[in-house]
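Inspection log for the structure reproduced underneath, given as structure tokens.
The values are calculated or read from the model by the stated rules, or taken from the named source; none is laboratory data. Just so we're clear, the structure is a prediction, and the values are computed from it rather than from any experiment. Heads up, the Cβs are rebuilt from the backbone with ideal geometry, glycines too, and the neighbour counts pull from every protein chain shown. Surface accessibility is based on the protein's heavy atoms, side chains included, excluding ligands, DNA and RNA. Shrake-Rupley method; radii C 1.70, N 1.55, O 1.52, S 1.80 Å.
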Amino acid sequence: MDAPIIDPLQGDFPEVIEEYLEHGCMKCIAFNRRGTLLAAGCNDGSCIIWDFETRGIAKELRDYECSSPITSVCWSKYGHQILVSAADKSLTLWDVKSGEKINRIVLQQTPLQARLHPGSSTPSLCLACPVSCAPMIVDLNTGNTTLLQVSFPEIGNGSTAPSRNKSSDGSTPYSPTAACFNKYGSLVYVGNSKGEILIIDYKGNEVRAMVPISGGSVVKSIVFSRNGQYLLTNSNDRIIRVYENLLPLKEEIRALDDLNENLNDLGDVEKLKVVGSKCLNLFCEFQDSITKVHWKAPCFSGDGEWVVGGSASKGEHKIYIWDRAGHLVKILEGPKEALIDLAWHPVRPIIVSVSLAGLVYIWAKDYTENWSAFAPDFKELEENEEYVEREDEFDLIPETEKVKASDVNEDEEVDIVTVEKDKAFSDSDMSQEELCFLPATPSRDEQQDKCLESFSKLVDSNNSGSPLSEDPGPNEHMNHASSPLEDDAGGTHMKRKRKPSEKGLELQAERVKKPSKSSKSLKSKSKSFVDQDNGDSLYADELSDE
């Protein structure tokens, strides 16, 4: 990227808080590979999956065996599984679509971070970084753990010299503090408390290279960019360092073997350092030289062009954004709440940060209207200007268009079938179906409220139905089907008594008021309709003729 050409004020990075998400007390977040779903680990041991397009909750993963805070969440490559580490020393693997727990493993120590193997669609291995011991490879199917060999001998002459990373009594005076897989998961990069980056072949549990960090400060976090070309470290000396990965993205083991061929005359430590210098090259350093602030959760943007880091100071929610050349381009200032985690959207200029209060803030770009984007000849004027008409402006074919030669081949066929691969997802396997969205399901409280509401409506509709007459009129004959109380065939069920309708009451009142007349002088015709199914009676008006 050519930094002097690009205007930092017009960079493709977020600028303002667009929205915030609230559900319980969230502690850590992670996007899926496409950025359509956001997983958030909560303080009560649950994992909430947000639909990032609608900003709604798509699913809640809750393990009733775990009520401790979640320390990290990690998606599988194609989004079908989620690995959750908790403060109760547990690792839980979930099936995202069904919401069912696949497996749960309890370690000896609390894992601060856990990452699934990135090279498999259904990973069975993960990398866990416990509190006070070496990183370990965990088999999620069997529960077997393998501590990574992060120590190596000082002298390579065949003698049994004490390990550089061990004291005389055999105990480990320091422990690696951060680790991550490379892009395809063939190597593990470990940062330790002596300020060293160790490149480890975890299958053979062998240290293949070492890169010392200037100053020798503790490495607190280490992360690769999405394309695997850059490595970022956050050290205790308040400096973020970016290294360029010199190894090929594939067949790294073979490349390391080739580098070790002509170095047999060197000692073990010197050999590892020489190989390390050919694996990683320091590209840039980032720091706040004025405030000397500690950094929290630094990472790359989705395309690797930007580096972002949060301030670890209490009481402030600041996010620093640099370009990859080392220039500070933006400082985002949020609410007066400490920042504990953040993530950059994989494909869009969006940053998501987590505050100490458990809220998730969504930072997006502040887009302004640019009318010139709709037409290349459109020009915005600050004030009125006198328009000068061109000589050929109203010609049927202007001279300017006659001069222009058409470069478009109208006979060329346009391919509308072939789908071009997105560079951000160039390693996708087309045979694997990727989980990008989840169907929205209502929560349990909403379902209970809807059931109660529908039940109350049903009761009201039954009560407001056409009721029966409570008392029959003096000249009426009560139908057996309209009796207020009736036993069924078993004699155990009683039909409920219905209230008279308003029409029935009016007819009864009119019949009582009218005096009885002789049947000889009056010819009366009456019609009555009796519904024996529901017991309701509708009385028609009497028609009298003299």
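Structure summary
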| read-out | value |
| --- | --- |
| Strands (runs of 3 or more DSSP E) contained entirely in segment 250-356, each with at least 2 residues that are surrounded by fewer than 18 Cβ atoms within 10 Å (Cβ to Cβ) | 280-286, 328-333 |
| Members of segment 12-30 that are crowded, with 23+ Cβ neighbours inside 10 Å and within 8 Å of the chain's Cα centre (by Cα) | ILE29 |
| Test for GLY56: is it under 25 Å from SER301 (Cα atoms) and of a type in the set (Gly, Ala, Ser) | yes |
| Unmet criterion (only one of (1) open to solvent by less than 40 Å² (accessible area, probe 1.4 Å); (2) in a loop (DSSP other than H, G, I, E, B)) for ILE49 | (2) |
| Test result for GLU270, within 24 Å of PHE31 (Cβ to Cβ) and free of Cβ contacts under 8 Å to residues at least 24 places away in the same chain | no |
| Subset of segment 274-299 (residues that are closer than 25 Å to ALA357 by Cα and either aromatic (Phe, Trp, Tyr) or touching a Pro at 6+ places or on another chain (Cβ under 6 Å) (or both)) | TRP295 |
| Residues located in segment 176-220, provided they are among the small types (Gly, Ala, Ser), in a strand (DSSP E or B) and over 31 Å from the mean Cα position of the chain (by Cα) | ALA209 |
| Tally of residues being over 27 Å from ASN234 (Cβ atoms) and either at pLDDT 60 or above or open to solvent by 60 Å² or more (accessible area, probe 1.4 Å) (or both) across segment 150-201 | 9 |
| In segment 86-112, residue surrounded by the fewest Cβ atoms within 10 Å (Cβ to Cβ) [restricted to those that are in a strand (DSSP E or B) and of a type in the set (S, T, N, Q)] | ASN103 |
| From the options LYS365, LYS296, residue that is in contact with a Gly (Cβ under 7 Å, 6 or more places away or on another chain), under 25 Å from PHE31 (Cα atoms) and basic (Lys, Arg) | LYS296 |
| Among residues of segment 32-46, those that are under 20 Å from GLY358 (Cα atoms) and either of a type outside the set (Gly, Ala, Ser) or buried (at least 21 other Cβ atoms within 10 Å of the Cβ) (or both), counted | 9 |
| Long-range neighbours under 7 Å by Cβ, at least six apart or interchain, first residue on the phi > 0 side of the Ramachandran plot within segment 183-207, second open to solvent by 10 Å² or more (accessible area, probe 1.4 Å) and of a type in the set (S, T, N, Q) | GLY195/SER217; ASN205/THR146; ASN205/GLN149 |
| Identity of the residue in segment 57-85, over 17 Å from ASN32 (Cβ atoms) and part of a strand (DSSP E or B), that ends up least open to solvent (accessible area, probe 1.4 Å) | SER85 |
